[in-house]
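No lab work stands behind these numbers, since they all come straight from the coordinates. All of these numbers come straight from a predicted model, not from anything done at the bench. Every residue, glycine as well, gets a Cβ built from its backbone with ideal geometry; the counts of neighbours run over all protein chains shown.
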Amino acid sequence: MTEDTDLANFCCEELAEAVSPDANAGLIEHDSGLILLNLGEREEEGETGVVLATIRFCPFCGTEIQTDEDIEAALGGVEETFN
């Protein structure tokens, strides 16, 4: 892929390099298209899970990468899967 293609979905090279589909990465690109910040693992009621947070702005350059509407739409699709 060319560099332009690699950055097509990202605002800067640093974000493109940091985001991964790996659930253990610091920045995760979810199947829904959201970019999520991995806050680590949490144990509750004997089960361990990963705590993820949505981010609106790129942590490297400050560009808005996801609007509240983008996040709400993507989370709505995720919630429907579990209901």
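Can you tell me how many residues in region 45-62 are over 9 Å from the mean Cα position of the chain (by Cα) and within 24 Å of Gly76 (Cβ to Cβ)? Don't jump to the end; show me each part of the working.
Step one: filter region 45-62 for residues over 9 Å from the mean Cα position of the chain (by Cα), giving 45-51, 56-62.
Of the ones still in play, those that are also within 24 Å of Gly76 (Cβ to Cβ) are 49-51, 56-58.
Number of matching residues: 6.
Scan region 33-51 and report the pairs whose first residue is on the phi > 0 side of the Ramachandran plot and whose second residue is of a type outside the set (A, V, I, L, M) and surrounded by 10 or more Cβ atoms within 10 Å (Cβ to Cβ), with Cβ atoms within less than 9 Å and a gap of 6+ or a chain change.
Close Cβ pairs (under 9 Å, with a partner that is of a type outside the set (A, V, I, L, M) and surrounded by 10 or more Cβ atoms within 10 Å (Cβ to Cβ)) amount to Gly33/Asn9; Gly33/Gln66; Gly33/Asp70.
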